[in-house]
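The values are calculated or read from the model by the stated rules, or taken from the named source; none is laboratory data. Note that the structure is predicted; figures quoted are calculated from it, not measured. Cβ: placed from backbone, ideal geometry, glycine included. Neighbour counts: every protein chain shown. Note: areas computed on protein heavy atoms with side chains; ligands, DNA, RNA excluded. Shrake-Rupley method; radii C 1.70, N 1.55, O 1.52, S 1.80 Å.
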Amino acid sequence: MEIKYTIQGLLIYIAIAAYLSAFVTSLLRRAKTGHILYLFGFVAAVLAFGYRWYHVRHVPLQNLFEVFLCLSMIIYPASWFCRRILRVGGYCADMLIGAIVLFPAGFILNAQPQRLPPALQSWLFTPHVAVYMLSYIFMAKATFQAISQLAGRQHQFSRSGGSCQQKDESNQRSENWCSPNPNENLLPPEQATYSIICIGFPLLTLGLILGSYWGKKAWGDYWGWDPKELWGLVSWLVYVGYFHFRYMFGKKYPRINSIWAIAGMVVIIVTLLWVNLSRLFPGLHSYAI
Amino acid sequence: MNKFRRAVMWVGLTLIILLLFLSIYGAFIGAERAKSFFNRLPLVVFWSAFLLLLIVGLVVFRRLVRVPGLLLIHSGCVFILAGAIWSSEPGHKLQKKLFGIDKITTGQMRIYEGHSDNRVILEDNKQIKELPFSVELKDFQIEYYKPAFLYIQTRDGQGWRIPVEIDTEFPLGPEFGTVKILRAFENFKITIEGENRKIIDDPQHGFNPALEVQFTSPEGQVTNRYVFERFPGHSHSEDKFLLSYRRVISDYVSRLRITKDNKVVAEKDIEVNHPLSFGGYHFYQHFYDTEAGQYTVLMVVSNAGLAVVYAGYWMLCVGVFWHMWLRHIVEKRTKKHINGN
């Protein structure tokens, strides 16, 4: 654990405090105050990312410290998009995700600026990493919905014909209590998981393809069998498996659908963290520590 | 869903899960072993079965043909797999057998500055094969970020990072005095003329970057030291400091010229991310002479099957975005338009 006594560190700690306060305030059913604090945390995260950009003089997506800054910044827009466009809840969880992803940036990871090695000096660097980060945030949200489904908080599904039956309408409101508008009509968790994965999966696919194209430009091979590439492929395959399983059985086995989604997130965490931090997987992506 | 279609779906799901676990296994064994593992005969059978199943799926499930997004996604995967099989080592062997196309799959060329060569050392069996044209290395350069840094560390772990600015004095605190960098060398050499030793920056062949550093103690005592990039942390036993000179490479540039039948047919400065394409091959900056900077090592890769793989990428990408994002937006707008009328 290391406290960062810098402007960068200060901005990170403000954002963490704001996200955590937003979470606690929302738990205490002060939804509007919670939302204002969440917005404040987002502004602090944007400033932290912008400051880093100014400091290192390239798009700060080179290492885990910068990637976590980016994730903390995009959680708010992803949250807003899911609630407004997809009608998916999980607002409180998003606040917590914001604080969780900033924690390693604030207390664990090294913030020493690094210069871009020749391989990273490509126009593909920013879109490849940014698209992956966006997809990861959506998949994290989908995982929360899948966990909610497994916890069986809102809906139970009839096994016959794969149709969805809402048993208790008052339960639906319980999901909305931390949303700024508690009366809005949100999707049930299984459906919400599917909707969010449908947003995240194209981004995951684009990230994989951009990475492959970049690999060809930089190292001569569009597929180098590097551990990070293979874990990236594994995460993509888990969601491919999810879509095929859901196509075969629809909502007949909602718990298995949710397990697919959670497995996807577990693999994403391995891809993002373990591959870079563990010495088990040395490879072309080792600079991203 | 009838029995046959259900069986196809189950086989598909099984192959996806199998590939998933094979990939996890591949990640644990490292890139080189994984590459050879995924090119072995049982895996060639697996890839072919995967490709065949995708084609069967497209024939059996009408929905995959009727829904444009799904058609693009699945046929994109067919293209990617077909292109990958075609561009693989077994694919190249098949091309040789069927069509007599004898191309180098992957290999390396070592070329010295001012020389040209057409011999490629093959990656798989280390044999030498010749290209139908020659590659000349006009010049090789390594570029560095500025400023470089001098790292100073005391024996009890205190440290400073000093930017390399000639004749600028930097304080090291009241205990250690100041430091000044007097000179930076690209190729440090000592020449002996009679009884005199002379230190020069030799513009001729060689690669020995160094700094001449002057320490002034708080008592005014002056000490000069040389710091070599290739020998970081080197010091004498009586020295207070461990010194390192570090430069961060920003780019490697090989200036290449390709000649065929004594005519220059292509010329390009290749860097990482900027390869040269010529005659069905891609040439990549791969390695260089770390001792003297006199030669470059290029990677030569065949471009067979690449266009098919890229076509598959486009189809998969357009298909997945259309099916999951865009078609919903278009449908909503169309509904709105109809309701409006």
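Keeping all protein chains in place and using 1.4 angstrom, which order do B:HIS236, A:HIS244 fall into by accessible surface area, from largest down?
Greatest to least solvent exposure: B:HIS236, A:HIS244.
Between A:TRP123 and B:SER116, how high is the FRET efficiency from 1/(1 + (r/R0)^6) when r is the Cβ-Cβ distance and R₀ = 35 Å? Nearest 0.05.
Computed FRET efficiency for A:TRP123 and B:SER116: 0.65.
B:THR216 versus B:LEU13, label points 7 Å from Cα toward the beta carbon: distance in nm?
7.9 nm
Would you mind classifying the range B:62-203 by shape? Square roots of the alpha carbon gyration tensor eigenvalues, ordered a ≥ b ≥ c; an a/c under 1.5 is rounded, otherwise it is prolate if a/b is larger than b/c and oblate if not.
Verdict is oblate for the range B:62-203.
Before anything else, pin down the relative contact order of chain B: Cα pairs under 8 Å, at least 6 apart, normalised by residue count, whole percent.
Value for chain B: 20 percent.
So if R0 is 25 Å, what FRET efficiency would A:ARG57 and B:ILE142 give, r being the distance between their Cβ atoms, rounded to the nearest 0.05?
Computed FRET efficiency for A:ARG57 and B:ILE142 comes out at 0.75.
Once you have the Kirkwood Rh of chain B from its Cα pairs, apply Stokes-Einstein at 4 °C and 1.567 mPa s and quote D in µm²/s.
Translational D for this selection: 50 µm²/s.
Could you order B:TRP314, B:TRP160, B:TRP325 by accessible surface area, starting with the largest, using a probe radius of 1.4 Å?
Solvent-accessible surface, decreasing: B:TRP314, B:TRP325, B:TRP160.
Residues with beta-carbon under 13 Å from that of B:LEU182, excluding B:LEU182: net charge, scoring Lys, Arg +1 and Asp, Glu -1?
Spelling it out: positives minus negatives among the neighbours equals -2.
Let me know the shape class of the protein assembly as shown, please: from the alpha-carbon gyration tensor, a ≥ b ≥ c as square roots of the eigenvalues, rounded when a/c is under 1.5, otherwise prolate if a/b is greater than b/c, or oblate.
Cα axes put the protein assembly as shown in the oblate bin.
Given the protein chains as shown and a 1.4 Å probe, how many square angstrom of B:LYS35 are accessible, to the nearest 10?
60 Å²
What dipole magnitude, in Debye to the nearest 20, does chain B give about its Cα centre under +1 on Lys/Arg Cβ and -1 on Asp/Glu Cβ?
Roughly 3160 debye, rounded to the nearest 20.
Counting Lys and Arg as +1 and Asp and Glu as -1, each charge on the Cβ, what is the dipole of the range B:223-341 about the Cα centre in debye, to the nearest 20?
860 debye
Sorted by accessible area with a 1.4 angstrom probe, largest first, how do A:TYR242, B:TYR310 fall?
B:TYR310, A:TYR242
Can you tell me the orientation of helix B:89-99 relative to chain B, as the angle in degrees between its alpha-carbon axis and the longest Cα principal axis, to the nearest 10?
Here the helix axis deviates by roughly 60 degrees.
When all protein chains stay in place, what accessible area (Å², nearest 10, 1.4 Å probe) is found for A:TYR91?
10 Å²
Just how much of A:ARG115 is accessible, in Å², when a 1.4 Å probe is used and the result is rounded to the nearest 10?
A:ARG115 exposes around 80 Å² with every protein chain in place.
Is it possible to state the helix-based mean residue ellipticity at 222 nm for the protein assembly as shown, with each DSSP H run of 4+ residues giving -39500 (n - 2.57), the sum divided by total residues, to the nearest 500 deg cm²/dmol? What is it?
-16500 deg cm²/dmol
To the nearest 20 debye, what is the magnitude of the charge dipole of the protein assembly as shown about its Cα centre, counting +1 on the Cβ of each Lys and Arg and -1 on the Cβ of each Asp and Glu?
That gives a dipole near 3740 debye.
Taking Cα atoms, how many degrees apart are the long axis of helix A:254-269 and the longest axis of chain A, rounded to 10 and kept between 0 and 90?
Around 10 degrees separate the two axes.
Can you give the angle from 0 to 90° between the axis of helix B:41-60 and the longest principal axis of chain B, with both taken from C-alpha atoms, to the nearest 10?
40 degrees
Connecting C-alpha atoms closer than 10 Å in a GNM of chain B, tell me which of B:PRO163, B:PRO174, B:PRO209 has the biggest fluctuation.
Among B:PRO163, B:PRO174, B:PRO209, the largest mean-square fluctuation in the Gaussian network model of chain B belongs to B:PRO174.
What shape does the range B:22-88 take by its C-alpha gyration tensor, where a ≥ b ≥ c are the square roots of the eigenvalues and a/c under 1.5 counts as rounded, a/b above b/c as prolate, and the rest as oblate?
Judged from the Cα gyration tensor, the range B:22-88 comes out prolate (a/c at least 1.5, a/b above b/c).
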